[in-house]
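S.K.: For reference, the structure I am asking about is given below.
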Amino acid sequence: MMDTTIKETWAKAIARGDASVKRPLEALYKFWVRKGAVNDTCKALLAKALREAKEQVREARMDRLFEMQERA
């Protein structure tokens, strides 16, 4: 059973667009692994989703940096 803090964290991340059911937060993924809810198939899919999410974050940061440089 997830505690309230994890549920709230996940709900807030989904509301911000930082996570989804298919792309969970890293902390939530680790919680699932500890509880044994993630098997090898899930691990591979979630790891891929995590890599993609991290790449999207890096790209968004770079876009913001370029925008800031253009304004300067």
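Nothing in this text is a laboratory measurement; each read-out follows from the coordinates by a stated rule. Just so you know, these numbers come straight off a predicted model, no measurement behind them.
S.K.: For the chain, what relative contact order do you get, as a whole percent, if you take Cα pairs closer than 8 Å and at least 6 residues apart?
M.R.: Working: 22 pairs, mean separation 17.0, N = 72.
Taking the mean separation of contacting Cα pairs over the length of the chain, I get 24 percent.
S.K.: What lysines could a cross-link reach from Lys22, if we take a straight Cα to Cα line under 18 Å and drop same-chain neighbours fewer than 8 places away?
M.R.: Lys7, Lys12, Lys30, Lys43, Lys48, Lys54
S.K.: Here's another thing I want to ask about it. Over all pairs of distinct alpha carbons, what does the Kirkwood formula give as the hydrodynamic radius of the chain, in Å?
M.R.: Values: mean 1/r = 0.0729 Å⁻¹.
Across the chain, the inverse of the average 1/r is 13.7 Å.
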